[in-house]
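Below is one structure, written out as C-alpha cells; comments come after it.
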Amino acid sequence: MTNYLIRRFMGMVVVTFLVLTIAFVLVRLAPGDPAALMLGPDATPQDVMDLRASLGLDQPIFVQYLTFVANAAQGDLGRSLFFDNSVTSVLAARAEPTVFLSLFSLIFALVIATPIGIYAAYRRGSALDQSAVTTAMLAASVPSFLTGLIFQRYLATELGWFPASGYGGPDAGFLDRMWHLVLPSITLGIVNSALILRFTRASMLDILGENYVRTARAKGMSERRVVLRHALKNAGIPIITVVGLTFALLVAGAVVTERVFNLPGLGSLVVNAVLRRDYPVIQGTLIVVAILYVFINLLTDLLYLVIDKRVRY
Amino acid sequence: MADTTLSSGTPETAEPEGTGEPGFFRVLLARRSVQVSLVVFLTIAILCLFASLVAPANPDAMSVRERLQGPSAAHWFGTDAFGRDVLSRLLYAGRSSLSIGLSVAILSSLIGVAIGLTAGFFSRLDWPFSRLIDAMMAFPDILMALSLVAIFGGTLTNVVIALSIVYAPRVARIVRASTMVIREMPYVEAARALGTRTWRIMITHALRNIVSPILVQATFIFAYAMLAEAGLSFLGIGVDPETPTWGIMVNEGRQYLDSAIYLILFPGVAISLSVLTLQIVGDALRDALDPHLAKEA
Amino acid sequence: MNEDTILDVRGLNVRFRGNGRETAALRDVSFSIGRGRTLALVGESGSGKSVTSLALMGLLPPNGRIAAGTLAYRHRDGRVLELTELGEAERRRLRGVQMSMIFQEPMSSLNPLFTIGDQIGEMLFLHESMDAATRRKRTIEMLELVEIPGAARRMDSYPHELSGGMRQRVMIAMAMICKPSLLIADEPTTALDVTIQAQILDLMRQLQKDFGMSILFITHDMGVVAEMADDVAVMYAGGVVEQASVDALFNDTRHPYTKGLLASIPGPWRRRGDRLVPIPGSVPPLASLPPGCAFAPRCGYAEPRCREPVALTRKAPEHLAACILEGVEAP
Amino acid sequence: MTEPFIRIRNMTKTFGPSSDPVYAVNDVSFDIPKGSITGLVGESGSGKSTLGRSLLRLIEPTSGSTVFDGCDLNSLKAGDLRAMRQRMQMVFQDPVSSLNPRLSVEAIIAEGLVAHGIGSRRTRRDTVASLLEEVGLTADHMRRYPHEFSGGQRQRIGIARALALEPEFIVADESVSALDVSIQAQVLNLLLDLRERRNLTMLFIAHDLSVVDYLCDQVAVMYLGRLMEIGPAADIHERPRHPYTLALNSAIPMPRPGAARNREVLKGDIPSPMSPPSGCVFRTRCAHAREICASGIPSPVEVSPGHYSHCKRIEAIGEN
C-alpha cells in the first residue's frame, strides 16, 4: 500500500516534469524570436538584444530550460506578451467563469447521466435502455457549438429565457454572473452526460454479472437493495475514474462553449492568445490545465483506495 | 494408416462442435441502425469524394444578387453571404473534413501502435513510455491541437499532425494494455517454449490480437478528429479558410445566426450525422469483433 | 408428496434464449430430496446441474425461463408450496431462510468492498429483527461454528484477506445463519485444494448433523459423491439418466453413462498398470442433441431402439435409470 | 552411476525484491530418468508450476541448474537455448487460453516448425496433418480455429503443437485438470501411448495424486516450494514415508461409498509463501511435528532405493 502510494506519487512528479518539458519544447519550436514579437515591428535591433538579455534568451537553451522549470515550480510562468502582466495573474483573472462552467456542467451531467446509466444497465435491452443509449450517442455526436448556437438563438434570443451571451456587465453581481452560465453549462453538460451515461451503464453491466451480485440475490434481498447497496458501491470505482477523465473533456469543451457564449474565461483567453501569438499565455494555460488534470487523477486514484480496501501495487 | 489409430485416439466427435458461431458480417449487420448508419455514412462519403461531379455549382462562384437566400429549387440548401451555393460548398468542405478525420485515424493509429506495442512488450521501457503517454494525455485535445496549430500554422497537414499527436497516446494506451494482457497469455508462453523469436511473437500474437481493438478505436478517432477539427475551425484557428471544412462553414455562418440559421444547420448536421454514423458503426464493430476476444482471450 | 420429502422436482424444463433461438438446458428433470438427507447431483460440464440449482433458487439469468415442470417445496411450517407459482416477493422470503445456496467460486462470490461480518450479518438484518449488537454476537457464533480461528477479529476482515478455504467457510456461515431447511451447494469444493476440500466436506457433514438440514450437493466428482451423498442423481446433457441410493448407484450401476464415468476415474483403488476405459467422444452441444437417448452416440450398448425417447424407469426398488437396458455389468 | 537424462540440482526461484524474497521454489533437486514419466504433485502455492518453468528456463531460475542430456541449460546463451527448445516442450493447463484464438489450427501446430525454419510450407502442412491424426483428430481440422473445438480437442491440439518439433522431453503442466473426467481419461491414455510410441520423457505436473499415480513411474511431492518426498510411484502410493504424502493420499475422495468417512483431516490452512514456517515448512499442519522440526531444513533420507523422504521424524511415520 505505502509502496503503491510512493510509486504513484513518483509517477505524478515525473509526469508533471514531462508536462513542463513538453510545454517548454512546444513554445521553443515556434518560429520567430520571442523578443522581437514582444517589441513589435518598430523595435531597433539594439532593443531586441537588450530584451533578449533581460529575458535570458541569450543563455544556452539548457540553462533557459532549467530557469523555466525553476520559475514554474515557484508559480512564475513568465509574462504575457500582450497584457502588461504576469501569466499567472492573467490566468487568475479569467479563471472564474471557466471554473464554474466546468463545475456546473459536471454536476448537470452527473445528475442526469448516473441514474439513467444505472437504470439502463439494470433494464438492459429494454426500450428505456435502448433510447438512453441512442440519445447518448446522439449527444456525443453533435458538436457543442452547434447545440450552443441553437440554444442561443431559440432559448435566449427568441424566447428570452436566458441571457444570450456574455458574463453580465463589469459590475454584475455573483448571481447575475452565474445566471449567465446556465445555458453554457447545459450545452457543455450534454456532451459530458453522454460519456458518463455510457460509462456508468457499462460498469454497472459488468458488475451486475459478477458472482457476488448472484450471492446477494441468493441471500433473499430485494432487487433494490441488490442494486443500490451491493452493485452501486462497486460501480462507484469506475465512475469516479471517468469523472476524473471527464475533466479533460470539460476543459476542451469549455474553450468552444466560452467562444459561443462570449464568456471571458480561460478558453477565450487561450483562443485570443493563439490569434495574437501570445506564447507565454498559451504555454501557461497548457501547464496549468495539464497539472490540474494530473492532480485530479491522483485524487481519483486515492479515492479509489479509500473505497476499495484491496491492496494495490 | 492403421498404426496411427491409437487406442485412446478416439475422436471425440466427428465434427468439431463450434455450433453456429455467427459470422463477423452477420453480427456486424444484425441491427437495422447499423445498416442505416453504414448506408448514410457511405453516401455522404461518396457524394463528397465525387464533389466535382455531383456538386450543382462552383463552390467558389459568388453572386451578390443571390446572397443569403434560403433553400429553394435553384439552391437546395440556400446561398451564403457571398451568394455561393451552400450545397456545393458543403460537398467540397466534406471532402476536407472527412479526409482530415481519416488521415488522423490512420496516422494516430500507426504512431500509437508503435509506442504501445513497444511499451507493452518490453517491460523495461514500459515505465518511461507510460509516463510520457500520461503527460501527453494531460493536455486536453482541443487545447493541445490549438497550441500546435498556433505554433506551426493552420494548414491542413498541420491540423492532421496536431490531432494525430493528440490522439496517438490514446491508441498507445489501449495497445499497451492489450499487449500486456496478451504477453501474459499461455499461448505466448507456448510460443516462447517453441523457440519463437520476440519480434515474431509480437507480430503473430500481439499485433494480430490487437487489430480489432485498434480498428474500433480508429473508427472512434475518425469521429472525434472530425469533431475536434470542426471545433478548431469554429474557433477560427483551424485550416486556412481557403479550403473550407464543415467547421469553417459554421464559423462563417455564425454572424447570420438570427437571420439565416440554415447556414450553420446544414454543415452542423453534416458533421453530426457523419460522427453519429461512425460511432454506431464503431460500436457495432466492437460487438462483432469482441465476442471472440471476450470468450477466447 | 411424501411426508419425509422436502423438495420434489417433477418434469423440470428450462430453456435459454440466445442468438435468436431457444435452447433446452434442462429436459424433464425429476428428483426428490428427503428431510435431513443429502442428494448429490452429479454430471460433467454442460449437464445442467448448475442450471437446476439456479432454477430451484429462482435465480435463473434473464434469458432463461422455466418452460414446464413443478417444484414442490415443504415449508418449515408444514405447508407444501409450489415454487413455480409463487411471486418474486414470496420467493425472496424463502431465499436464505428456507433454502440457501453456496457457490463454486469462493473468491468471487463475496463482495470485495464489504467486511465478512457485514455480509454475514446482513442475512440477519434481512430476515430476522434484532439489534446490531445481537447481530454481531450471532455472527461471531456462526463464524466459530464454521471453525474460523479468531472469529471476533475476522469479522472485520475483507474477503481478499482470507484464503479460499476460509472464504468458503464464510459462504457456508452466511448460508446457514438463518438455519435453512435446504442447502444447495454448487460445487463448493471444486476450486479448493484437496486437503482443504476434506476440511470443508467434514464441516458440511458436521453442520448437517447439528442443523438437520437437507443438502442438494452438486459436483462432478464421483469421489465426493461417495463421501457425501445418501442419494444420487446422475445428469447428462440436461436430463437425469440415473437416480438411486449411493450404495446402489456405485454397486449396482444401471446406466452405461454412470458406468463409463466410474471407469474413467483414476485412483489408488485401481490395480497398477490397468488402463482407464474412457467414454469415447464428447458431450454434444445442447442445441443439437440427437433424437432419443442423448448418450446413445457415445454408448457401447447403443442399438437402433435408442433413437426413440427414453424415460426414467424403475430398475429396482428406489433405483431409476433412463435406459432401455435392465442394467450394465459392474465397472 | 550413469548420468541421468535430466538432472535438477538446487533449483530455487524467488519473486519480489532481493532484500525480501518470496521463495516459490526452494532448493529442489531430483533426477528424471530417460523414457520415464515423473509426476510432480502439490497443492496451490507449492511451486510445482514455477519449478516446471524454471527448469525449462521459460522463467530464469534464481539459482540451481538443469542438466539436460549432459548439457547445462543455465549456461546456454539465448541463441543456443532457442535451438535447444526443439528438444524440450511444454503442454499447458488451460485448453482455452493456451491457443491463440486468431490463428488456425495449422498455424498453431506449425508455429515451432516456422520458428526453427523447418520444412517448406507444403511439408509443414503434411507434418501438421499427420500430427493431428496422431493425437486423434483429422487432417481437415487444420483449417479451423480453436473456438470451434471442445476442451478435450483443444488439449489434443496443444499436444500436437508440442510434438511438432519431435522433442525428447515434455513438461505437462496440469494438462488434464481443466477437463471433465471422461475426457481426462482419453487424454491420459493418449499421453501414455505417445510416451510409448515416441519414447518421450515427461514431467507431469498435477494437483491430483490419483492422476499422477495412474500415469507416472516416479512421483515427487512438493509443499510450499520444497520437495517433501520422491520415489517410485508404487512406493509413494503404497508406502508413503512423509506425513504430507499420507495426508494428501487420504484426502482423495474415494468413489467407494463409506470408504473414507473416518480419515484423518489435516488441520489449518496452507501458510502463505510470503511467510513460510521455519524449519520443516509442513510442521504447522503436521500431526507428528515436534520441537526439532522447527529448526533446520530436513535433509532427504533414502527409505528404499530411489525413495527419499524429507522428514526428520521418519521413524514415527511407520511403514504401513
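Total residues in the range A:100-128 satisfying the condition of being farther than 28 Å from B:Gly268 by Cβ, touching a residue at least 60 places away in the same chain (Cβ under 8 Å) and part of a helix (DSSP H, G or I): the figure is 4. D:Pro240 fulfils the conditions (1) closer than 22 Å to D:Leu179 by Cα; (2) crowded, with 24+ Cβ neighbours inside 10 Å except for a single criterion, (1).
Given the range A:1-98, what helices (runs of 4 or more DSSP H) lie entirely inside it while holding 2 or more residues that are within 26 Å of A:Asp301 (Cα to Cα)? Reasoning before the result, please.
Details: elements: A:2-29, A:34-39, A:45-55, A:61-73.
The helices (runs of 4 or more DSSP H) meeting that bar are A:2-29, A:61-73.
Is at least one residue of the range D:226-236 under 28 Å from C:Gln168 (Cα atoms) and in contact with a strand residue (DSSP E or B) (Cβ under 9 Å, 6 or more places away or on another chain)? Yes, the range D:226-236 contains a residue that is under 28 Å from C:Gln168 (Cα atoms) and in contact with a strand residue (DSSP E or B) (Cβ under 9 Å, 6 or more places away or on another chain). Please verify whether the range C:121-136 includes one or more residues that are surrounded by fewer than 18 Cβ atoms within 10 Å (Cβ to Cβ), touching a helix residue (DSSP H, G or I) at 6+ places or on another chain (Cβ under 9 Å), basic (Lys, Arg) and free of Cβ contacts under 8 Å to residues at least 24 places away in the same chain. For the range C:121-136, residues surrounded by fewer than 18 Cβ atoms within 10 Å (Cβ to Cβ), touching a helix residue (DSSP H, G or I) at 6+ places or on another chain (Cβ under 9 Å), basic (Lys, Arg) and free of Cβ contacts under 8 Å to residues at least 24 places away in the same chain: present. Taking helices (runs of 4 or more DSSP H) as the structural unit, those lying wholly within the range C:131-223 and holding at least 1 residues that are under 23 Å from D:Pro257 (Cβ atoms) correspond to C:194-211. Find the strands (runs of 3 or more DSSP E) located wholly in the range D:10-87 whose residues include 2 or more that are touching a residue at least 60 places away in the same chain (Cβ under 8 Å) and open to solvent by 40 Å² or more (accessible area, probe 1.4 Å), and list them. Where strands (runs of 3 or more DSSP E) fall fully within the range D:10-87 and carry at least 2 residues being touching a residue at least 60 places away in the same chain (Cβ under 8 Å) and open to solvent by 40 Å² or more (accessible area, probe 1.4 Å), they are D:22-32. Note on the range B:108-140: residues that are closer than 22 Å to A:Ser141 by Cα and out of contact with any Lys or Arg (no Cβ under 9 Å at 6 or more places or on another chain) amount to 3. Residues that are under 13 Å from C:Thr23 (Cβ atoms) and more than 14 Å from chain A (Cβ to nearest Cβ) were ranked within the range C:61-76; the one that is most open to solvent (accessible area, probe 1.4 Å) is C:Arg65.
Can you tell which of A:Ala43, A:Ala53, A:Ala30 is farther than 16 Å from A:Pro280 by Cβ, surrounded by 13 or more Cβ atoms within 10 Å (Cβ to Cβ) and at pLDDT below 85? None of the other options fit; the residue is A:Ala43. Of the helices (runs of 4 or more DSSP H) contained entirely in the range A:135-208, those carrying at least 3 residues that are assigned by TED's automatic domain parsing to the domain that holds A:Gly236 and either modelled with pLDDT of 85 or more or of a type in the set (Gly, Ala, Ser) (or both) fall at A:144-151, A:182-208. The set of residues in the range B:89-130 that are touching a Phe, Trp or Tyr at 6+ places or on another chain (Cβ under 7 Å) and open to solvent by 10 Å² or more (accessible area, probe 1.4 Å) comprises B:Leu90, B:Leu102, B:Ile115, B:Thr118.
Out of curiosity, is C:Ser108 open to solvent by less than 50 Å² (accessible area, probe 1.4 Å), assigned by TED's automatic domain parsing to the domain that holds C:Arg92 and within 20 Å of C:Gln197 (Cα to Cα)?
Numbers: open to solvent by less than 50 Å² (accessible area, probe 1.4 Å): yes; assigned by TED's automatic domain parsing to the domain that holds C:Arg92: yes; within 20 Å of C:Gln197 (Cα to Cα): yes.
Yes: the conditions hold for C:Ser108.
So is C:Arg37 over 11 Å from the mean Cα position of the chain (by Cα), within 15 Å of C:Ala185 (Cβ to Cβ) and touching a residue at least 40 places away in the same chain (Cβ under 8 Å) or not?
Numbers: over 11 Å from the mean Cα position of the chain (by Cα): yes; within 15 Å of C:Ala185 (Cβ to Cβ): yes; touching a residue at least 40 places away in the same chain (Cβ under 8 Å): yes.
The answer is yes for C:Arg37.
One residue stands out among those in the range A:232-250 that are among the small types (Gly, Ala, Ser) and more than 10 Å from chain C (Cβ to nearest Cβ): the one that is surrounded by the fewest Cβ atoms within 10 Å (Cβ to Cβ), which is A:Gly244.
Check the range C:248-256 and report whether any residue there is in contact (Cβ under 8 Å) with a residue 12 or more places away in the chain and touching a Phe, Trp or Tyr at 6+ places or on another chain (Cβ under 9 Å). Break it down into steps so the answer makes sense when it comes.
Initially, the range C:248-256 is screened for residues in contact (Cβ under 8 Å) with a residue 12 or more places away in the chain, giving C:248-256.
With the extra rule that they be touching a Phe, Trp or Tyr at 6+ places or on another chain (Cβ under 9 Å), the set shrinks to C:255-256.
Yes, that holds for at least one residue.
Among the residues of the range C:169-211, those identified as polar (S, T, N, Q), at the interface with chain D (Cβ under 10 Å from one of its Cβ atoms) and either under 16 Å from C:Glu144 (Cβ atoms) or within 17 Å of the chain's Cα centre (by Cα) (or both) are C:Thr189, C:Gln197, C:Gln199. With respect to B:Ser147, is the statement that it is under 20 Å from the mean Cα position of the chain (by Cα) and part of a helix (DSSP H, G or I) true? No, not satisfied.
Yes or no: B:Glu229 more than 28 Å from D:Arg102 (Cβ to Cβ), open to solvent by 10 Å² or more (accessible area, probe 1.4 Å) and more than 14 Å from chain D (Cβ to nearest Cβ)? So that I can check it myself, show each step before the final result.
Working: more than 28 Å from D:Arg102 (Cβ to Cβ): yes; open to solvent by 10 Å² or more (accessible area, probe 1.4 Å): no; more than 14 Å from chain D (Cβ to nearest Cβ): yes.
No; evaluated as a whole, the condition is false for this residue.
Condition test on A:Arg229, is it out of contact with any Lys or Arg (no Cβ under 9 Å at 6 or more places or on another chain), surrounded by fewer than 24 Cβ atoms within 10 Å (Cβ to Cβ) and either in the same structural domain as A:Val15 (by TED's automatic domain parsing) or modelled with pLDDT of 90 or more (or both)? Walk me through it before giving the result.
Details: out of contact with any Lys or Arg (no Cβ under 9 Å at 6 or more places or on another chain): yes; surrounded by fewer than 24 Cβ atoms within 10 Å (Cβ to Cβ): yes; either in the same structural domain as A:Val15 (by TED's automatic domain parsing) or modelled with pLDDT of 90 or more (or both): no.
No: the conditions fail for A:Arg229.
Please go through the range C:181-207 and give me each residue that is under 18 Å from C:Arg95 (Cα atoms) and open to solvent by 20 Å² or more (accessible area, probe 1.4 Å), ordered by number. C:Ser181, the sole residue that qualifies.
Scan the range C:68-104 for residues that are aliphatic (A, V, I, L, M) and without any contact (Cβ under 8 Å) to a residue 60 or more places away in the chain and report the count.
First, pick out the residues of the range C:68-104 that are aliphatic (A, V, I, L, M): C:68, C:71-72, C:80-81, C:83, C:86, C:89, C:94, C:97, C:99, C:101-102.
Restricting the remaining residues to those that are without any contact (Cβ under 8 Å) to a residue 60 or more places away in the chain gives C:68, C:81, C:83, C:86, C:89, C:94.
Number of matching residues: 6.
In the set (1) within 14 Å of chain B (Cβ to nearest Cβ); (2) in contact (Cβ under 8 Å) with a residue 12 or more places away in the chain; (3) buried (at least 21 other Cβ atoms within 10 Å of the Cβ), the condition left unmet by D:Gln218 is number (1). Among the residues of the range B:251-262, just one is touching a Ser or Thr at 6+ places or on another chain (Cβ under 9 Å) and buried (at least 22 other Cβ atoms within 10 Å of the Cβ), namely B:Asn251. Checked against the criterion of being farther than 26 Å from A:Asp308 by Cβ and more than 8 Å from chain A (Cβ to nearest Cβ), the candidates C:Leu94, C:Leu124, C:Leu162, C:Leu145 yield just one match: C:Leu145. Here the range A:214-226 is the region considered, the condition is being open to solvent by 10 Å² or more (accessible area, probe 1.4 Å) and outside any loop (DSSP other than H, G, I, E, B), and the residue that is farthest from the other protein chains (Cβ to nearest Cβ) is A:Arg224.
Taking the range D:137-161 as the search range and keeping residues that are among the small types (Gly, Ala, Ser) and within 8 Å of chain B (Cβ to nearest Cβ), which one is surrounded by the fewest Cβ atoms within 10 Å (Cβ to Cβ)? Step through it out loud before you land on a result.
As a first pass, look at the range D:137-161 and keep what is among the small types (Gly, Ala, Ser): D:139, D:150-152, D:158, D:160.
Those left that are additionally within 8 Å of chain B (Cβ to nearest Cβ): D:150, D:152, D:158.
Details: D:Ser150: 24, D:Gly152: 26, D:Gly158: 28.
Restricting to residues being among the small types (Gly, Ala, Ser) and within 8 Å of chain B (Cβ to nearest Cβ), the top hit is D:Ser150.
Against the conditions (1) assigned to a helix (DSSP H, G or I); (2) open to solvent by 40 Å² or more (accessible area, probe 1.4 Å), A:Arg277 satisfies every one except (1).
The values are calculated or read from the model by the stated rules, or taken from the named source; none is laboratory data. Note that the structure is predicted; figures quoted are calculated from it, not measured. Methodologically, a virtual Cβ is constructed for each residue, glycine included, from the backbone with ideal geometry; neighbour enumeration extends over all protein chains shown. We work out accessible area using only protein heavy atoms, side chains counted, and drop any ligands, DNA or RNA first. Shrake-Rupley method; radii C 1.70, N 1.55, O 1.52, S 1.80 Å.
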